[in-house]
Structure formats: structure tokens, C-alpha cells
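Please treat every number below as a calculation from the coordinates, not as lab data. Please read these numbers as outputs of a predicted model, since none were measured by experiment. Heads up, the Cβs are rebuilt from the backbone with ideal geometry, glycines too, and the neighbour counts pull from every protein chain shown.
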Amino acid sequence: MTKFIGILSGKGGVAKTTTVVNLGAAMNYFGRDVTLVDGNLSTPHLGIHLGVPIVPISLHDALSGKNSLIEAMYLHQSGMKIIPAGLSLKDLIEVDHSKLKEVLPTLEGLTDIVLVDASAGLSGEASAVLDCVQDVIVITNPELPAVTDALKTVKLAESKGKNVKGIIVAKTGDVTDIPVENIAALIEKPILAIIPFDKSIRQSLIKKDPVIYTNPTSKSALAYKKLAADLIGMEYRVEKNSWYKFWKK
Ligand SMILES: Nc1ncnc2c1ncn2[C@@H]1O[C@H](COP(=O)(O)OP(=O)(O)OP(=O)(O)O)[C@@H](O)[C@H]1O
Ligand SMILES: [Mg+2]
């Protein structure tokens, strides 16, 4: 059975797409068949993160009925499957978000896990992602506006009968951070992972490849691998930095 997981946040720029890319890559690394879907239909970035910005057939073509969803699916060099959204203004203007819940079930049985990247905000577009998944993971940063929106996202997801698996707190590590325990207490959901602020993420974006491949022993790569292992029920021992291994010899 295919698991459909929506990655939402409310607030923009908190690391949804980064999480979809790296959580997906890590699950794939651990042997799962993973499909990433760009449900951010107005400002899609998934293809850009993975070096496939322009495709002949996109999710928008599947939503308009011009093509099947499978025709919009591409194999990434990592082994993940990716369904990028269209980047044109025409795609943005003509899209009907509500078609997502009709089209996405085509993936049932074709892949183990579908991670759907959502847009910022909680109106029609993000809500359309909620309508086509069973499970939801909410991303926040350790600052009040993001946490407030994360709480609202949890409430919206639950009002639609969705299973909120928990929260990921990303870009942590500053003295001004709201403590993670306070975030958990406020939102009343388990913290699935803490992803530290890490310049390796920016480097991976430049290389258009997941950080688990560009900087495999970076703190963010290790955190994403641990999260992936936890979510698929695998044991994972955090790999030490190579300099540490050298030092121990
Ligand atoms: N752990 C991290 N450390 C440092 N920078 C990060 C980290 N995670 C994400 N970023 C950076 O934060 C910015 C926003 O990340 P991302 O695009 O994944 O957020 P988003 O929630 O998908 O944004 P949007 O709401 O616009 O879709 C990017 O520049 C990304 O490189
Ligand atoms: Mg995004």
C-alpha cells in the first residue's frame, strides 16, 4: 500500500521543499521506492532543488487532463521518482487545485511512499494537498510566527481527519530559538526531528542534489537520515564525520 504524506507549514520559507527532497532521498537511500510530488502549484521549487527545472510534461498537464500523471513522472539520478509542477505563468493561472485529489491516487500501488510538497499558506492550494494525503508532517522554524502557523496547520489537518505524524523543527541553533520542548508543548505533537541550521543545505541547493549526497556527513544530512530511518521503522546509527574516524584510528 502506498503512503501519501503531505509536508506543510503554514509559514513560507521554513524548509518544506528542503525536507521533501532530503527526507525522500534518505528514504530512497534506505531502499524505499519514493515519489516526490510538487504540490506547490503556484511557486514550484522541487524540480529546481533537484536540477530538473523544465520538463516537457508537468503535474499541471496532468491536472488539466492533457496528460496522465505517469507521463509527468521522471526518474531522478538518485533513484527517486519526481513529479515536477509547471513553471509558466499560464500554468499558474489555469490550474485547478481541486484536481489534485482526483489525479494523485493514480500512484497507489506504484510506489511505497509519496511525499507531497505544499505551498506556504493554508488557503486553497495548501488545503488541496491536505485533501489528497493520509499523513501530514508539519515543518516549523524555532520562531513565533512559524510556530503559530504550524499550530494552525495541525488544527486544519485534523479538522479534515488527517493523521498529523508530528513536527519537524528546522534551521535551529541560534540563541534566540524558541526551545524545542516549548514548541512541542504548544503544538501538542511529537517532535519528529530537529534539523540544525547548516550551510551545507545551501551548498546542496547550488549543486542541485540532496544534502545527503553532496555533504553526507553534515549535521543536516545525518538528521534527515535519522528522520527517514525513524519514519520507515529502521534502526540508524549516526555516521561519524570522516575526520573523527581518522582521529580514532
Ligand atoms: N537546515 C537548514 N539550514 C540552512 N538553511 C536551510 C535549511 N533548510 C532550509 N534552508 C534554506 O531555507 C530556505 C527556504 O527553504 P525551502 O525552500 O525548503 O523552504 P519552503 O518552506 O519550501 O519555502 P516555500 O514556503 O517558499 O515553499 C532555502 O534557502 C533553503 O536553502
Ligand atoms: Mg517550498
Expressed in nanometres to one decimal, the distance between label points 7 Å along Cα→Cβ at Leu92 and Val175 is 4.1 nm
Angle between the Cα long axis of helix 219-231 and the longest principal axis of the chain, 0 to 90 degrees, nearest 10? 60 degrees
Bridge type composition, the chain - antiparallel percent by DSSP, nearest 5: 5 percent
Between the range 53-91 and the range 202-223, what is the C-alpha centre distance in whole Å? 24 Å
In the chain, with Lys and Arg counted as +1 and Asp and Glu as -1 at Cβ, which of these residues, Gly12, Cys132, Asn182, has the Cα nearest the positive end of the dipole, that is, farthest along it? Asn182
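In square nanometres, what is the average projected area of the Cα convex hull of the chain?
Details: hull surface 54.2 nm².
That works out to 13.5 nm², a quarter of the Cα hull's surface.
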Would you mind working out the magnitude of the charge dipole of the chain relative to its Cα centre, with +1 at each Lys and Arg C-beta and -1 at each Asp and Glu C-beta, to the nearest 20 Debye? 920 debye
What aspartates and glutamates could a cross-link reach from Lys226, if we take a straight Cα to Cα line under 17 Å and drop same-chain neighbours fewer than 8 places away? Asp198, Glu235, Glu239
Please determine, in degrees from 0 to 90 and to the nearest 10, the orientation of helix 144-159 with respect to the longest principal axis defined by the Cα atoms of the chain, where the helix direction is its Cα long axis. 50 degrees
Going toward the positive end of the dipole of the chain, with +1 on Lys and Arg Cβ and -1 on Asp and Glu Cβ, which of Ala118, Ser58, Leu205 do you reach last? Leu205
